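So that we are looking at the same thing, I have put the structure below in C-alpha coordinates.
The values are calculated or read from the model by the stated rules, or taken from the named source; none is laboratory data. Keep in mind it's a predicted model, so treat the numbers as computed, not measured. As a convention, Cβ positions derive from the backbone with ideal geometry for all residues, glycine included, and neighbour counts pool all protein chains shown.
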Amino acid sequence: MPQQMAAYLDSAATTRVDPRVAEVVLHWMVEDFGNAGSRTHEWGTRAKRAVQQARDQLATQVGASPSELIFTSGATESNNIALLGLAAYGEKEDRRHIITSAIEHKAVLEPLEHLASRGFEVDFLSPGPSGRLSVEAVRERLRDDTLLVSLMHVNNETGVIQPIAEVADHLRDTSTYFHVDAAQGFGKLTEDLRSPIDLISISGHKIGAPKGVGALVIRRRGRNTVPLTPLMYGGGQERKLRPGTLPVPLIVGLAKAAEIFERERDQWWGEAIAFRSRLVGALQKTDLHINGEQEHVVPHILNVSFNGVDAEALIVQLKELVAVSTGSACTSASYTPSHVLRGMQLPDSIAANGLRLSWFPDQVADLDIDEMVAEIAEFQVGTASLG
(Lines give C-alpha, C1' and ligand atoms only; values in the text may rest on other atoms or scores of the structure.)
Protein backbone atom coordinates (compact mmCIF):
# COMPACT_ATOMS: atom_id res chain seq x y z
CA MET A 1 0.00 0.00 0.00
CA PRO A 2 1.50 3.41 -0.98
CA GLN A 3 2.81 5.49 1.93
CA GLN A 4 0.62 8.47 2.72
CA MET A 5 2.27 11.75 1.77
CA ALA A 6 2.92 14.38 4.41
CA ALA A 7 0.65 17.42 4.40
CA TYR A 8 2.11 20.18 2.24
CA LEU A 9 3.02 23.34 4.15
CA ASP A 10 5.55 24.76 1.68
CA SER A 11 3.36 26.65 -0.78
CA ALA A 12 5.62 29.70 -0.69
CA ALA A 13 8.22 27.52 -2.42
CA THR A 14 5.82 26.25 -5.07
CA THR A 15 2.23 25.18 -5.52
CA ARG A 16 0.54 22.24 -7.12
CA VAL A 17 -0.46 22.94 -10.71
CA ASP A 18 -4.21 23.45 -10.71
CA PRO A 19 -5.77 20.48 -12.58
CA ARG A 20 -7.76 22.95 -14.71
CA VAL A 21 -4.48 24.58 -15.68
CA ALA A 22 -2.81 21.24 -16.38
CA GLU A 23 -5.64 20.38 -18.77
CA VAL A 24 -5.08 23.57 -20.75
CA VAL A 25 -1.29 23.11 -20.77
CA LEU A 26 -1.64 19.55 -22.06
CA HIS A 27 -3.93 20.70 -24.86
CA TRP A 28 -1.33 23.19 -26.10
CA MET A 29 1.34 20.54 -25.84
CA VAL A 30 -0.31 17.72 -27.76
CA GLU A 31 -3.16 19.27 -29.77
CA ASP A 32 -2.44 22.90 -30.71
CA PHE A 33 1.34 22.52 -30.58
CA GLY A 34 2.29 25.15 -33.15
CA ASN A 35 5.11 27.68 -32.83
CA ALA A 36 3.81 31.21 -32.19
CA GLY A 37 6.55 32.47 -34.50
CA SER A 38 5.36 30.42 -37.49
CA ARG A 39 3.42 32.81 -39.74
CA THR A 40 2.71 30.58 -42.74
CA HIS A 41 0.03 28.23 -41.39
CA GLU A 42 -2.92 27.94 -39.03
CA TRP A 43 -0.98 26.06 -36.34
CA GLY A 44 1.28 29.06 -35.83
CA THR A 45 -1.60 31.51 -36.09
CA ARG A 46 -3.54 29.77 -33.33
CA ALA A 47 -0.46 29.68 -31.10
CA LYS A 48 0.26 33.36 -31.71
CA ARG A 49 -3.36 34.25 -30.96
CA ALA A 50 -3.26 32.26 -27.68
CA VAL A 51 -0.09 34.06 -26.59
CA GLN A 52 -1.61 37.44 -27.38
CA GLN A 53 -4.76 36.62 -25.43
CA ALA A 54 -2.63 35.57 -22.46
CA ARG A 55 -0.62 38.78 -22.73
CA ASP A 56 -3.77 40.90 -22.89
CA GLN A 57 -5.29 39.21 -19.86
CA LEU A 58 -2.20 39.35 -17.63
CA ALA A 59 -1.42 42.96 -18.52
CA THR A 60 -5.00 43.98 -17.78
CA GLN A 61 -4.82 42.35 -14.34
CA VAL A 62 -1.95 44.65 -13.32
CA GLY A 63 -3.27 47.71 -15.14
CA ALA A 64 -0.67 47.68 -17.90
CA SER A 65 -0.81 47.71 -21.67
CA PRO A 66 -0.22 44.36 -23.42
CA SER A 67 2.83 45.89 -25.13
CA GLU A 68 4.29 46.50 -21.65
CA LEU A 69 4.47 42.80 -20.69
CA ILE A 70 7.02 40.24 -21.85
CA PHE A 71 7.11 36.55 -20.99
CA THR A 72 10.10 35.01 -19.19
CA SER A 73 10.97 31.76 -17.48
CA GLY A 74 9.97 33.18 -14.09
CA ALA A 75 10.66 35.90 -11.54
CA THR A 76 14.39 35.16 -11.32
CA GLU A 77 14.90 35.85 -15.01
CA SER A 78 12.59 38.85 -14.84
CA ASN A 79 14.63 40.25 -11.94
CA ASN A 80 17.85 39.80 -13.86
CA ILE A 81 16.51 41.50 -16.99
CA ALA A 82 15.20 44.41 -14.92
CA LEU A 83 18.28 44.92 -12.76
CA LEU A 84 21.15 44.04 -15.08
CA GLY A 85 19.33 45.47 -18.07
CA LEU A 86 19.49 48.95 -16.54
CA ALA A 87 23.26 48.83 -15.98
CA ALA A 88 24.34 50.25 -19.33
CA TYR A 89 21.97 53.19 -18.98
CA GLY A 90 23.13 53.84 -15.43
CA GLU A 91 26.76 53.83 -16.52
CA LYS A 92 26.08 56.10 -19.47
CA GLU A 93 24.17 58.63 -17.36
CA ASP A 94 26.54 58.30 -14.38
CA ARG A 95 23.68 57.22 -12.13
CA ARG A 96 25.07 54.28 -10.20
CA HIS A 97 23.19 54.44 -6.90
CA ILE A 98 20.65 51.68 -6.16
CA ILE A 99 18.40 51.31 -3.12
CA THR A 100 17.16 47.89 -2.02
CA SER A 101 16.62 46.04 1.24
CA ALA A 102 18.54 43.44 3.22
CA ILE A 103 15.57 41.04 3.05
CA GLU A 104 15.26 40.66 -0.72
CA HIS A 105 15.29 37.29 -2.46
CA LYS A 106 18.66 36.06 -3.71
CA ALA A 107 17.33 36.55 -7.24
CA VAL A 108 17.61 40.28 -6.52
CA LEU A 109 20.56 40.35 -4.13
CA GLU A 110 22.93 38.40 -6.37
CA PRO A 111 22.37 40.50 -9.52
CA LEU A 112 22.91 43.56 -7.34
CA GLU A 113 26.16 42.05 -6.04
CA HIS A 114 27.23 41.77 -9.68
CA LEU A 115 26.37 45.42 -10.27
CA ALA A 116 28.36 46.39 -7.18
CA SER A 117 31.38 44.64 -8.70
CA ARG A 118 30.91 46.92 -11.73
CA GLY A 119 31.09 50.06 -9.64
CA PHE A 120 27.45 50.57 -8.62
CA GLU A 121 26.74 51.64 -5.05
CA VAL A 122 24.01 49.47 -3.50
CA ASP A 123 22.27 50.87 -0.43
CA PHE A 124 20.65 48.19 1.77
CA LEU A 125 17.71 49.22 3.95
CA SER A 126 16.92 47.25 7.09
CA PRO A 127 13.26 46.99 8.08
CA GLY A 128 13.95 46.09 11.70
CA PRO A 129 12.08 43.35 13.61
CA SER A 130 8.75 44.22 11.96
CA GLY A 131 10.07 43.10 8.58
CA ARG A 132 8.27 46.03 6.96
CA LEU A 133 10.10 48.94 5.37
CA SER A 134 8.86 52.50 5.58
CA VAL A 135 8.39 54.90 2.69
CA GLU A 136 10.36 57.45 4.72
CA ALA A 137 13.38 55.14 4.81
CA VAL A 138 13.37 54.97 1.02
CA ARG A 139 12.84 58.72 0.69
CA GLU A 140 15.75 59.51 3.01
CA ARG A 141 18.20 57.51 0.87
CA LEU A 142 17.20 59.00 -2.48
CA ARG A 143 19.88 61.00 -4.28
CA ASP A 144 20.19 62.76 -7.62
CA ASP A 145 22.17 59.80 -8.96
CA THR A 146 19.75 57.12 -7.67
CA LEU A 147 19.05 54.98 -10.70
CA LEU A 148 16.74 52.40 -9.18
CA VAL A 149 14.83 51.29 -6.11
CA SER A 150 14.18 47.52 -5.97
CA LEU A 151 11.86 46.14 -3.30
CA MET A 152 9.91 42.91 -3.04
CA HIS A 153 6.12 42.97 -2.78
CA VAL A 154 5.67 40.19 -0.23
CA ASN A 155 8.57 38.66 1.64
CA ASN A 156 8.90 35.01 0.74
CA GLU A 157 10.00 33.95 4.23
CA THR A 158 7.83 36.03 6.57
CA GLY A 159 4.87 36.95 4.35
CA VAL A 160 5.23 40.61 5.34
CA ILE A 161 3.74 43.00 2.76
CA GLN A 162 5.85 45.99 1.76
CA PRO A 163 4.26 49.42 1.07
CA ILE A 164 5.06 49.32 -2.64
CA ALA A 165 2.06 51.39 -3.74
CA GLU A 166 3.14 54.28 -1.53
CA VAL A 167 6.76 54.01 -2.68
CA ALA A 168 5.61 53.95 -6.31
CA ASP A 169 3.53 57.09 -5.85
CA HIS A 170 6.52 58.91 -4.40
CA LEU A 171 9.03 57.78 -7.02
CA ARG A 172 6.77 58.58 -9.95
CA ASP A 173 7.69 62.27 -9.67
CA THR A 174 11.42 61.50 -9.67
CA SER A 175 13.82 60.17 -12.31
CA THR A 176 14.41 57.02 -10.23
CA TYR A 177 13.00 53.78 -11.59
CA PHE A 178 11.11 51.38 -9.34
CA HIS A 179 11.36 47.58 -9.60
CA VAL A 180 9.17 45.20 -7.61
CA ASP A 181 9.75 41.48 -7.26
CA ALA A 182 6.13 40.35 -7.09
CA ALA A 183 6.74 36.60 -7.09
CA GLN A 184 4.74 36.14 -3.88
CA GLY A 185 2.27 39.00 -4.32
CA PHE A 186 0.97 38.56 -7.86
CA GLY A 187 -2.56 37.21 -7.77
CA LYS A 188 -2.96 37.75 -4.06
CA LEU A 189 -2.54 41.54 -3.87
CA THR A 190 -2.89 42.51 -7.50
CA GLU A 191 -4.34 45.94 -6.70
CA ASP A 192 -0.95 47.03 -5.35
CA LEU A 193 0.62 46.17 -8.70
CA ARG A 194 -1.66 48.59 -10.54
CA SER A 195 0.32 51.41 -8.94
CA PRO A 196 2.83 53.29 -11.14
CA ILE A 197 5.61 50.72 -10.77
CA ASP A 198 8.10 50.75 -13.64
CA LEU A 199 9.19 47.10 -13.52
CA ILE A 200 7.28 44.15 -12.05
CA SER A 201 8.60 40.58 -11.90
CA ILE A 202 5.94 37.86 -11.93
CA SER A 203 6.18 34.13 -11.26
CA GLY A 204 3.61 31.52 -12.28
CA HIS A 205 4.27 28.58 -9.98
CA LYS A 206 3.22 30.46 -6.84
CA ILE A 207 -0.42 30.54 -8.01
CA GLY A 208 -0.95 27.11 -9.54
CA ALA A 209 0.75 27.60 -12.92
CA PRO A 210 3.58 25.37 -14.16
CA LYS A 211 7.16 26.05 -13.15
CA GLY A 212 9.29 27.73 -15.78
CA VAL A 213 7.06 30.64 -16.80
CA GLY A 214 6.66 34.20 -15.60
CA ALA A 215 6.58 37.73 -16.90
CA LEU A 216 8.17 41.14 -16.63
CA VAL A 217 6.02 44.26 -16.80
CA ILE A 218 7.91 47.24 -18.24
CA ARG A 219 5.72 50.30 -17.86
CA ARG A 220 6.16 53.45 -19.87
CA ARG A 221 6.38 56.85 -18.27
CA GLY A 222 4.38 58.85 -20.75
CA ARG A 223 6.05 58.11 -24.06
CA ASN A 224 9.28 56.95 -22.47
CA THR A 225 9.99 53.32 -21.76
CA VAL A 226 12.50 51.97 -19.25
CA PRO A 227 15.89 51.91 -21.07
CA LEU A 228 16.71 48.22 -20.72
CA THR A 229 19.53 46.49 -22.57
CA PRO A 230 18.93 42.79 -23.37
CA LEU A 231 20.99 40.12 -21.65
CA MET A 232 20.60 37.65 -24.52
CA TYR A 233 20.44 38.03 -28.29
CA GLY A 234 18.97 36.01 -31.13
CA GLY A 235 15.49 35.88 -32.59
CA GLY A 236 14.05 39.19 -31.51
CA GLN A 237 11.11 37.80 -29.52
CA GLU A 238 9.56 39.72 -26.62
CA ARG A 239 10.66 43.19 -27.71
CA LYS A 240 14.17 41.78 -28.24
CA LEU A 241 14.56 41.57 -24.47
CA ARG A 242 13.93 37.86 -24.12
CA PRO A 243 14.71 36.01 -27.37
CA GLY A 244 13.79 32.39 -27.93
CA THR A 245 10.82 30.27 -28.95
CA LEU A 246 7.85 31.15 -26.78
CA PRO A 247 6.67 28.26 -24.55
CA VAL A 248 3.04 28.52 -25.61
CA PRO A 249 1.70 25.80 -23.25
CA LEU A 250 3.35 27.44 -20.24
CA ILE A 251 2.22 30.93 -21.21
CA VAL A 252 -1.38 29.82 -21.66
CA GLY A 253 -1.11 27.93 -18.38
CA LEU A 254 0.10 31.06 -16.59
CA ALA A 255 -2.84 33.05 -17.93
CA LYS A 256 -5.30 30.31 -16.97
CA ALA A 257 -3.90 30.08 -13.44
CA ALA A 258 -4.05 33.87 -13.03
CA GLU A 259 -7.64 33.90 -14.31
CA ILE A 260 -8.70 31.18 -11.87
CA PHE A 261 -6.90 32.80 -8.94
CA GLU A 262 -8.41 36.19 -9.72
CA ARG A 263 -11.89 34.69 -9.82
CA GLU A 264 -11.50 32.59 -6.66
CA ARG A 265 -9.21 34.88 -4.67
CA ASP A 266 -11.78 36.00 -2.09
CA GLN A 267 -12.65 32.42 -1.23
CA TRP A 268 -8.97 31.44 -1.15
CA TRP A 269 -8.15 34.41 1.08
CA GLY A 270 -10.92 33.63 3.55
CA GLU A 271 -9.98 29.96 3.80
CA ALA A 272 -6.29 30.81 4.16
CA ILE A 273 -7.07 33.21 7.02
CA ALA A 274 -9.29 30.62 8.72
CA PHE A 275 -6.50 28.03 8.59
CA ARG A 276 -4.01 30.60 9.89
CA SER A 277 -6.26 31.41 12.83
CA ARG A 278 -6.56 27.74 13.79
CA LEU A 279 -2.83 27.19 13.33
CA VAL A 280 -1.70 30.22 15.37
CA GLY A 281 -4.21 29.37 18.10
CA ALA A 282 -2.91 25.83 18.38
CA LEU A 283 0.72 26.95 18.34
CA GLN A 284 0.13 28.96 21.52
CA LYS A 285 0.66 25.66 23.34
CA THR A 286 4.35 25.93 22.42
CA ASP A 287 7.07 28.42 23.35
CA LEU A 288 7.59 30.37 20.16
CA HIS A 289 8.40 33.68 18.52
CA ILE A 290 6.34 34.74 15.48
CA ASN A 291 8.60 36.61 13.08
CA GLY A 292 7.39 39.72 11.28
CA GLU A 293 4.67 42.28 11.91
CA GLN A 294 1.40 40.35 11.79
CA GLU A 295 -0.75 43.36 10.87
CA HIS A 296 0.78 43.43 7.38
CA VAL A 297 1.07 39.84 6.18
CA VAL A 298 -0.46 37.66 3.50
CA PRO A 299 -2.72 35.01 5.02
CA HIS A 300 -0.81 31.94 3.87
CA ILE A 301 2.74 32.45 5.19
CA LEU A 302 3.77 32.18 8.85
CA ASN A 303 7.36 32.31 10.08
CA VAL A 304 8.05 31.06 13.60
CA SER A 305 11.04 30.24 15.76
CA PHE A 306 10.49 27.72 18.55
CA ASN A 307 12.60 28.73 21.53
CA GLY A 308 15.39 26.29 22.25
CA VAL A 309 14.62 24.18 19.16
CA ASP A 310 16.89 23.68 16.17
CA ALA A 311 14.73 24.22 13.08
CA GLU A 312 16.53 21.64 10.95
CA ALA A 313 16.13 18.98 13.62
CA LEU A 314 12.44 19.84 13.95
CA ILE A 315 11.93 19.52 10.19
CA VAL A 316 13.36 15.99 10.34
CA GLN A 317 11.10 15.20 13.29
CA LEU A 318 8.01 16.38 11.39
CA LYS A 319 8.83 15.04 7.92
CA GLU A 320 6.37 12.14 8.06
CA LEU A 321 3.58 14.52 9.07
CA VAL A 322 4.17 17.81 7.26
CA ALA A 323 6.44 19.23 4.57
CA VAL A 324 7.89 22.55 5.76
CA SER A 325 11.06 24.56 5.16
CA THR A 326 13.38 26.99 6.87
CA GLY A 327 12.94 29.61 4.16
CA SER A 328 13.53 30.18 0.46
CA ALA A 329 13.70 26.98 -1.58
CA CYS A 330 16.61 28.57 -3.46
CA THR A 331 18.77 28.77 -0.32
CA SER A 332 17.33 26.31 2.21
CA ALA A 333 19.94 23.68 1.32
CA SER A 334 22.71 25.87 2.71
CA TYR A 335 21.68 25.43 6.39
CA THR A 336 22.74 28.98 7.27
CA PRO A 337 20.78 31.46 9.39
CA SER A 338 18.13 33.21 7.33
CA HIS A 339 19.47 36.39 5.75
CA VAL A 340 15.90 37.71 5.92
CA LEU A 341 15.59 37.24 9.69
CA ARG A 342 19.11 38.58 10.16
CA GLY A 343 18.23 41.52 7.94
CA MET A 344 15.37 42.19 10.38
CA GLN A 345 18.04 42.42 13.11
CA LEU A 346 16.58 39.53 15.07
CA PRO A 347 18.83 37.70 17.55
CA ASP A 348 20.83 34.79 16.12
CA SER A 349 18.90 32.35 18.30
CA ILE A 350 15.76 33.35 16.38
CA ALA A 351 17.27 34.04 12.96
CA ALA A 352 19.04 30.68 12.86
CA ASN A 353 15.89 28.72 13.65
CA GLY A 354 13.07 30.31 11.70
CA LEU A 355 10.56 27.83 10.32
CA ARG A 356 8.32 28.84 7.42
CA LEU A 357 4.84 27.36 7.26
CA SER A 358 2.97 28.24 4.05
CA TRP A 359 -0.21 26.78 2.65
CA PHE A 360 -2.91 26.72 0.04
CA PRO A 361 -6.17 25.80 1.81
CA ASP A 362 -7.03 22.87 -0.48
CA GLN A 363 -3.66 21.22 0.24
CA VAL A 364 -3.96 21.20 4.04
CA ALA A 365 -7.56 20.08 4.42
CA ASP A 366 -6.47 16.72 5.85
CA LEU A 367 -3.82 18.09 8.21
CA ASP A 368 -4.45 17.42 11.89
CA ILE A 369 -3.14 20.69 13.35
CA ASP A 370 -3.41 19.45 16.93
CA GLU A 371 -1.31 16.38 16.13
CA MET A 372 1.36 18.54 14.48
CA VAL A 373 1.47 20.99 17.39
CA ALA A 374 1.59 18.16 19.92
CA GLU A 375 4.59 16.74 18.05
CA ILE A 376 6.31 20.14 18.14
CA ALA A 377 5.55 20.67 21.84
CA GLU A 378 6.83 17.20 22.74
CA PHE A 379 10.00 17.76 20.73
CA GLN A 380 10.51 21.14 22.40
CA VAL A 381 10.14 19.64 25.88
CA GLY A 382 12.51 16.82 24.96
CA THR A 383 15.08 19.29 23.64
CA ALA A 384 14.82 21.36 26.84
CA SER A 385 15.34 18.28 29.03
CA LEU A 386 18.48 17.38 27.08
CA GLY A 387 19.77 20.91 27.58
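Given the criteria assigned to a loop (DSSP other than H, G, I, E, B), surrounded by 24 or more Cβ atoms within 10 Å (Cβ to Cβ) and among the β-branched types (Val, Ile, Thr), does residue 207 qualify?
So residue 207 passes the test.
Name the residues in the range 314-333 that are assigned to a loop (DSSP other than H, G, I, E, B), at pLDDT below 90 and at negative phi, would you?
Those that are assigned to a loop (DSSP other than H, G, I, E, B), at pLDDT below 90 and at negative phi: 326, 328, 329, 330, 331.
Looking at the range 340-376, which of the residues that are surrounded by 17 or more Cβ atoms within 10 Å (Cβ to Cβ) and among the small types (Gly, Ala, Ser) is nearest to residue 298 (Cα to Cα)?
358
Conditions (1) crowded, with 16+ Cβ neighbours inside 10 Å; (2) farther than 27 Å from residue 168 by Cα; (3) in contact with an Asp or Glu (Cβ under 6 Å, 6 or more places away or on another chain); (4) not assigned by TED's automatic domain parsing to the domain that holds residue 37, marked per residue:
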residue: 199; (1), (2), (3), (4): yes, no, no, no
residue: 215; (1), (2), (3), (4): yes, no, no, no
residue: 226; (1), (2), (3), (4): yes, no, yes, no
residue: 232; (1), (2), (3), (4): no, yes, no, no
residue: 238; (1), (2), (3), (4): yes, no, no, no
residue: 242; (1), (2), (3), (4): yes, no, no, no
residue: 246; (1), (2), (3), (4): yes, yes, no, no
residue: 250; (1), (2), (3), (4): yes, yes, no, no
residue: 283; (1), (2), (3), (4): yes, yes, no, yes
